[in-house]
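The values are calculated or read from the model by the stated rules, or taken from the named source; none is laboratory data. Just so we're clear, the structure is a prediction, and the values are computed from it rather than from any experiment. Cβ: placed from backbone, ideal geometry, glycine included. Neighbour counts: every protein chain shown. Ligands, DNA and RNA are stripped out before the accessible areas are found, and what is left, the full protein with its side chains, is counted by its heavy atoms. Shrake-Rupley method; radii C 1.70, N 1.55, O 1.52, S 1.80 Å.
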Amino acid sequence: QEHLNRLYTPADIKNLALFRTITIDPAESTKQGSDYTAVAVVDTDQNNNWYVRFIKRYRVNSAELIELMFELYKKWKPNVMGIERKAFADQIKPFLDIKAQETGEFFTVKELEHGGQRKEDRIRGALQGRFESGKIWFAEGATDDTSILRGELYDFPFGKNDVLCFAAW
């Protein structure tokens, strides 16, 4: 599908004013066969184009997720980080606050609400028009999980996995 083949290079976006977002869809378990924790780093320009900078899936427990969030912050310096989690306030935020105090690194984390919509509907609503308008771009020569994401998007909504789709949007 043509919309999955829109590519950019670092030179293409070098002089753009970009707003960087990291979104995380944490898994409930680290067991083999369970969902992955998915991470997406997406830059948005003034014309509302999305540039997928980094996409990766992980198997991490809660403590490892906190470490991962700080690593992502250090590497990517996002304007905001969003996390999909019903229990964010109870299970993650207190540990983020402790780690921030320990490291002196403070960043904004926003809990992402699903608004009562099904996961499939949220993905479709966020992606369909944007793809049809040519507003989503993938990094040329990406060495992360971009190829897995593109496969999930190609198979959506009938594929076995959609965790990267969900994290990215």
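Residues that are closer than 21 Å to residue 151 by Cα and loosely packed, with under 10 Cβ neighbours inside 10 Å within the range 1-32 comprise 1, 2, 5, 32, listed in sequence order.
The residue of the range 91-144 that is most open to solvent (accessible area, probe 1.4 Å), among those that are at pLDDT below 90, within 24 Å of residue 65 (Cα to Cα) and basic (Lys, Arg), is 110.
Residues of the range 33-46 being open to solvent by 30 Å² or more (accessible area, probe 1.4 Å) and in contact (Cβ under 8 Å) with a residue 60 or more places away in the chain, which ones? Listed by number, the residues that qualify are 35, 36. Applying the selection to the range 47-60, what residues are under 15 Å from residue 37 (Cβ atoms) and either hydrophobic (A, V, I, L, M, F, W, C) or exposed (fewer than 13 other Cβ atoms within 10 Å of the Cβ) (or both)? Scanning the range 47-60 gives 54, 55, 60.
For the range 34-75, the set of residues classified as in contact with a Lys or Arg (Cβ under 8 Å, 6 or more places away or on another chain) and of a type in the set (Lys, Arg) consists of 53 only.
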